[in-house]
1. How about Lys13: which lysines have a C-alpha closer than 25 Å to its C-alpha, ignoring those fewer than 8 places off in the same chain?
2. Using every alpha carbon pair in the chain, what percent of pairs falls into each 5 Å bin from 0 up to the bin containing the largest distance?
3. With the convex hull built on the Cα atoms of region 67-148, state its orientation-averaged projected area in nm².
4. Give me the distance in nm between label points sitting 7 Å out from Cα along the Cα-to-Cβ direction at Val74 and Ala147, one decimal.
5. Sort Arg154, Arg121, Arg62, Arg127 so the one with the fewest other Cβ atoms within 10 Å of its own Cβ comes first.
6. Given springs between every Cα pair under 10 Å in a Gaussian network model of the chain, which of Ser51, Ser60, Ser79 has the largest fluctuation?
7. What residue among Ala19, Ala124, Ala111 shows peak mean-square fluctuation when the chain is described by a Gaussian network model with Cα springs under 10 Å?
8. Counting only helical runs of four or more DSSP H residues, what would the 222 nm mean residue ellipticity of the chain come to if each run contributes -39,500 (n - 2.57) and the total is spread over all its residues?
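None of the figures in this text is laboratory data; all of them are computed from the coordinates on show. This is a predicted model, so every value here is computed, not measured. A quick note on method: Cβ atoms are made from the backbone with ideal geometry, for glycine too, and the neighbour counts reach across all protein chains shown.
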Amino acid sequence: MGAKVSSSGGGGKTHEVNAEPNIIPFVDVMLVLLIIFMVAAPIATVDIQVSLPETKVLPSKRPPKPTYVSLQEVNGVQSYFVGNAQVTGEELGTKAIEEVQKNEPLVEDFADVINTRIYIRADATTRYRNVVYVMNQLQNVGFYKIALVGEDTRR
């Protein structure tokens, strides 16, 4: 704590307590520490050659390309697409299996194929019953991991 040497009046010999901190010594100490660290930093580098052991880390596996089934209704006519190929409603399941095998060449077992997630994209004007029809066609061949894709409108 500090004390005032002169008072605002009264001529008494008492000193008032001053609550303002004296930061000048603090700044001086911080500047000295800064200079010490600036001088010591280049000394901390090491020029010793060390032969490090090799690691056997396998590269991370890239995620498979997603399989999309798209629905589009133009002038009252419903169109179905698996990937980029247009298909009929009855071909949806078999074409989805072929598309999964094309997108994931390492998957050979049928159980692994049908455990793949299928993404359904539908136009905003598409009727709900058409989306349910596509889901039923995919479930008929064994796809139960189905996701609906929406547009991200966050900005």
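1. Cross-link targets: Lys4.
2. Reading upward from the zero bin: 2, 7, 11, 11, 8, 5, 4, 3, 3, 3, 4, 5, 6, 7, 6, 5, 4, 3, 3, 2, 0, 0.
3. Its Cα hull, projected and averaged over all orientations, spans 4.8 nm².
4. 2.8 nm
5. Lowest count first: Arg154, Arg62, Arg127, Arg121.
6. Highest fluctuation among the options: Ser51.
7. So, out of Ala19, Ala124, Ala111, the one fluctuating most is Ala19.
8. After summing the helix terms and dividing by residue count, I get -9500 deg cm²/dmol.
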